[in-house]
Structure formats: C-alpha cells, structure tokens
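Colleague: One structure, pasted below without further comment.
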Amino acid sequence: MSRKIIIDTDPGQDDALAILLALASPELEVLGITTVAGNVPLALTQANARKVVELAGKSVPVMAGCDRPMVRPLQTAEHVHGKTGLDGADLPEPSLPLDPRHGVDFIIDTLRQAAPGTVTLCPLGALTNIATAFTRAPDIVDRVQEIVLMGGGFFEGGNITPAAEFNIFVDPEAADIVLRCGRPVTIIPLDCTHKALITPARLAAFADLGTRVGEVVAGWLNFFERFDVEKYGSEGGPLHDPCVIAFLLRPDLFQGRFCNVEVELGSELTRGMTVADWWGVTKRPANATWIRDIDADGYFALLTERLARL
C-alpha cells in the first residue's frame, strides 16, 4: 500500500525535483501540494507547483497557502532561484487550475478525514502552513504519521546567515511550533544536503535521459547550482529538497541520530539557528531525528531512475 503524503513547498528548482520524484514513485500517494511563500512570493510558488505537476503528466490538487510568515516580514531568495523561482528552463503557463481551497484548510480537512498516524507531511520550505494548521486545529496533530522536512543546519552553519538555514530563517516561529508538536520529526539539514552535490557527471545523467523532463531538470540545475558553486567553491551545488522524498523511498541511504533540536527565536545574531544537541550535552528531551550523512551516489541514482519514468 502506498504511503500517503502532503507536500508543502515553495518551488524553487530543488523543490521541483522533489515533486517530480514523488510523482514518479508508486510507493507514494501525493494527496495534494500546498504552497507557501519562501524562495519566491506565493503567486509564483503556486504557479510553479502547477507547472511541475503538468511537466510530470500527473493530476494532483495544488493549493495556495500562506503568503507571509506567522510573525515576521517575508524574505525571499531570488538571488538563488532567479526571478521566477524556476529559472533555467522555460515552462508554459499551467493549464492545471489552482485548487480554490486555502492550503492550510486543505491540510486541516485532509488530516481530519484520515485515520490517526496515516499521513506524512513533507515540508520543503518555510513551515508556515504546517504550523498555522497545527495552531488552528490541534486535533489534527495525532493524524500525522511523521513529518520529514528539509531545513536547518548545525555542523554546516547556515546558508542565509552564518547561523541559519533559509527555510527555518524565513519563519522560525513556525519551525518552533512544528518541532514541539509531539509527532515524529525527521530533519534533513544542510549537514546532509551539502554532501549531495550536483557534479558534472550527475548533471549530465539528467540531460542524457533524452526526455522533456530530463532536459528541463538539467536546465534548472545548471542555473540553480551556480550560486552555491561560487559561494562554496565546490565541485557542484547541493541538491537539498529531493532528499525529503528520497528519505521516504530509501531511508537506507541516510544516517542520523535522534536528539534534541531547538530553534533560536530571540537573538538577532543567530535567529533561525537550529541547535542540534548531537552529543547529548543537555538534558533536553530528544524530539527529532537529525540526518547528517547520505549515500550521494545512491541518491542521484534513485533520482535519475525515477525521473526517467516521467
């Protein structure tokens, strides 16, 4: 039986690959895709998600969610993703209509209709929609099987400030709510994703698929990685968000530790920092599985094999 998931996202080239990977994988049933402001504003993230669903040749409801963080002004990342969020390949305007339901309402209604512990939430951006749903409808929390999210960084530091990773930095209050929800949480941080680099050979493998999906993905990644290659001086840029879906499909590709993770809310210097007590030096109870290592070859092989199906 396929695993039921809701993808919450702010596409973003790497978000787009995560969506494609999920839609190409029969082990997963994507109940819906909710979009949030983050990498680019909401008007673009909801349109981008619909473009990606159409590129996959699938039909999945896409909803627009929150257009700003719970407390703070929105900060976006066009400097990484380009002005559209999906720079690097031209896709037509989507014919798939935007589902009229608000993303938060969709999350609440879908979880209320589900049996306890049967729906996995897959946040790929700021956690605003998830935290808002939990705050408005605390009765839905026990319906969640697991939350697997891309965000944070501890050993690698941050990528938007020295201390904070972008998804958590955009809405740290939301991240704090999610980490305190009491359901199983798996965090795939920069500590892991910075080991999953888009090397020239891995990029070429997508282009060599000889399909429209392969062509588009190669174009996206060729644009997307230029920022991190310049910043880090690495062989290729990290491919963050598909790690969430890959973890559901192949958890054996990842290694981590169950530990306490807290989000810094008060300090201007370290706001949005995810403090992972990897070594257990505090008495704070463990609340999340922090993923630190990945079999990068296996990860990219999985991505290439699944995207070839679309």
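The values are calculated or read from the model by the stated rules, or taken from the named source; none is laboratory data. Just so you know, these numbers come straight off a predicted model, no measurement behind them. Cβ sites come from the backbone with ideal geometry, for glycine too, and all protein chains shown count toward neighbours.
Colleague: Which condition from (1) over 23 Å from Thr186 (Cα atoms); (2) assigned to a loop (DSSP other than H, G, I, E, B); (3) not small (Gly, Ala, Ser) is the one that Pro116 breaks?
Modeller: The single condition Pro116 does not satisfy is (1).
Colleague: Here's something else I'd like to know. Can you tell me how many residues within segment 37-67 are in a loop (DSSP other than H, G, I, E, B) and surrounded by fewer than 17 Cβ atoms within 10 Å (Cβ to Cβ)?
Modeller: Residues meeting the conditions: 5.
Colleague: May I ask you to verify whether Phe106 is outside any loop (DSSP other than H, G, I, E, B) and closer than 18 Å to Arg183 by Cβ?
Modeller: no
Colleague: Moving to a separate point now. Return the residues of segment 73-93 that are surrounded by 15 or more Cβ atoms within 10 Å (Cβ to Cβ), at negative phi and of a type outside the set (S, T, N, Q); say none if nothing qualifies.
Modeller: Leu74, Ala77, Val80, His81, Leu86, Asp87, Ala89, Leu91
Colleague: Still on this structure, please answer the following. Quick test of your reading of the structure: Leu98 fulfils all but one of (1) surrounded by fewer than 20 Cβ atoms within 10 Å (Cβ to Cβ); (2) touching a Lys or Arg at 6+ places or on another chain (Cβ under 8 Å); (3) free of Cβ contacts under 8 Å to residues at least 40 places away in the same chain; (4) among the hydrophobic types (A, V, I, L, M, F, W, C). Name the failing condition by number.
Modeller: (3)
Colleague: Which residues, taken from segment 68-86, are part of a loop (DSSP other than H, G, I, E, B) and among the hydrophobic types (A, V, I, L, M, F, W, C)?
Modeller: Met70, Val71, Leu74, Ala77, Leu86
Colleague: Can you find, within segment 129-143, the residue that is nearest to Gly32 (Cα to Cα) among those that are hydrophobic (A, V, I, L, M, F, W, C) and without any contact (Cβ under 8 Å) to a residue 40 or more places away in the chain?
Modeller: Ala133
Colleague: Determine which single condition Thr161 fails, assuming it passes every other condition in (1) more than 16 Å from the chain's Cα centre (by Cα); (2) buried (at least 23 other Cβ atoms within 10 Å of the Cβ); (3) β-branched (Val, Ile, Thr).
Modeller: Thr161 satisfies every listed condition except (2).
Colleague: Here is a follow-up. Write out, first by first residue and then by second, each pair whose Cβ atoms fall under 7 Å of each other, whose residues are 6+ apart or on separate chains, and whose first residue, in segment 146-163, is farther than 11 Å from Ile291 by Cβ while the second is at pLDDT below 95.
Modeller: none
A quick yes/no check of all residues on (1) within 19 Å of His240 (Cβ to Cβ); (2) part of a strand (DSSP E or B); (3) of a type outside the set (Gly, Ala, Ser):
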| residue | (1), (2), (3) |
| --- | --- |
| Ile130 | yes, no, yes |
| Asp142 | no, no, yes |
| Gln145 | no, yes, yes |
| Gly157 | yes, no, no |
| Phe169 | yes, no, yes |
| Glu173 | no, no, yes |
| Gly182 | no, no, no |
